[in-house]
1. If the Cβ limit is 6 Å and pairs must be 6+ apart or interchain, which residue in the range 6-19 that is of a type in the set (G, A, S) pairs with which residue that is assigned to a strand (DSSP E or B) and exposed (fewer than 11 other Cβ atoms within 10 Å of the Cβ)?
2. What number of residues within the range 1-51 satisfy the criterion of being surrounded by fewer than 11 Cβ atoms within 10 Å (Cβ to Cβ) and farther than 30 Å from T174 by Cα?
3. With respect to K44, is the statement that it is within 25 Å of the chain's Cα centre (by Cα), among the basic types (K, R) and on the phi < 0 side of the Ramachandran plot true?
4. Taking the residues in the range 107-120 that are of a type in the set (A, V, I, L, M) and within 19 Å of C83 (Cβ to Cβ) as candidates, determine which candidate is modelled with the highest pLDDT.
5. Here are A60, A94, A86, A123: which of them is at pLDDT 85 or above and surrounded by 14 or more Cβ atoms within 10 Å (Cβ to Cβ)?
6. For T175, indicate whether it is of a type in the set (S, T, Y) and modelled with pLDDT of 90 or more.
7. Could you list, in sequence order, all residues of the range 63-80 that are among the aliphatic types (A, V, I, L, M), at pLDDT below 90 and either surrounded by 14 or more Cβ atoms within 10 Å (Cβ to Cβ) or touching a Lys or Arg at 6+ places or on another chain (Cβ under 7 Å) (or both)?
8. Hey, does the range 66-73 have a residue that's among the aliphatic types (A, V, I, L, M) and in a loop (DSSP other than H, G, I, E, B)?
Amino acid sequence: MISKLQGYLIGNPSTGELIDYNAQVPFAFGMGIISDELYQGINKNCKGEDYKNPKNSPCASLIQIFEDFKSELMTTQILEPKCSFATPKPRYIANTRRSKLEQQSYTLLFEPSIPEVKCRTYAYYLMYIWANNNDVQEALNVKKGKVKEWQRCNFDLNYTKDVRSSLEYQVNITTSGHHALVYRSEAHT
């Protein structure tokens, strides 16, 4: 059988925790977030080892400095202001008094905190409000009771296998002559 597959694209693949974590240092350096001195110090003292579990104290102290820099960033979008995530938190049942129309249209269970308007996550907050509106769900023909609460990122998915790294699969496909476009839709550090 002749394969008609010529190539593929894959977004935000897991390439393995060690690779993903260790790649943060050169990425941060390339983006101008850390200095030449810190970057060179990490390379010299850590020698490419597991940055999450440094084996010597000079490496550990430099990785801690890197982590301190990272804590000041919005790690999912490093070029944007640091903002809170707009994901539902089980804080309260959202029955706060709004207009009569709004009270009839909304059945929110765990409304996320409201990020600042300047933040990308503000759009996620608005998406959450819109997608959980009864009128919107009715217009989209969502069966009543089928979805308790729409969430942008649902971490409760039921699956039987977790792929920790896609590298093996990517190598198999690309070495057989297929083209690949591997991209990251969010800039993580």
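The values are calculated or read from the model by the stated rules, or taken from the named source; none is laboratory data. Values in this document were obtained by computation on a predicted structure and should not be read as measured data. Using ideal geometry, Cβ is built from the backbone for each residue, glycine included, and neighbour counts are taken over all protein chains shown.
1. G11/Y183
2. So the count comes out to 3.
3. On the way: within 25 Å of the chain's Cα centre (by Cα): no; among the basic types (K, R): yes; on the phi < 0 side of the Ramachandran plot: yes.
The answer is no for K44.
4. Taking the range 107-120 first, the residues of a type in the set (A, V, I, L, M) are 108-109, 114, 117.
From the residues that got through so far, the ones that are within 19 Å of C83 (Cβ to Cβ) too are 114, 117.
On the way: I114: 81, V117: 87.
Filtering the range 107-120 for residues that are of a type in the set (A, V, I, L, M) and within 19 Å of C83 (Cβ to Cβ), the one modelled with the highest pLDDT comes out as V117.
5. Details: A94 fails: at pLDDT 85 or above; A86 fails: at pLDDT 85 or above; A123 fails: surrounded by 14 or more Cβ atoms within 10 Å (Cβ to Cβ).
Being at pLDDT 85 or above and surrounded by 14 or more Cβ atoms within 10 Å (Cβ to Cβ) holds for just one of A60, A94, A86, A123, which is A60.
6. yes
7. The first filter runs over the range 63-80 and keeps only residues among the aliphatic types (A, V, I, L, M), leaving 63, 65, 73-74, 78-79.
From what's left, at pLDDT below 90: 73-74, 78-79.
Across the range 63-80, the qualifying residues are L73, M74, I78.
8. So the first thing to find is which residues in the range 66-73 are among the aliphatic types (A, V, I, L, M), and the list is 73.
Filter again for in a loop (DSSP other than H, G, I, E, B), leaving 73.
So far as the range 66-73 goes, yes, one or more of its residues are among the aliphatic types (A, V, I, L, M) and in a loop (DSSP other than H, G, I, E, B).
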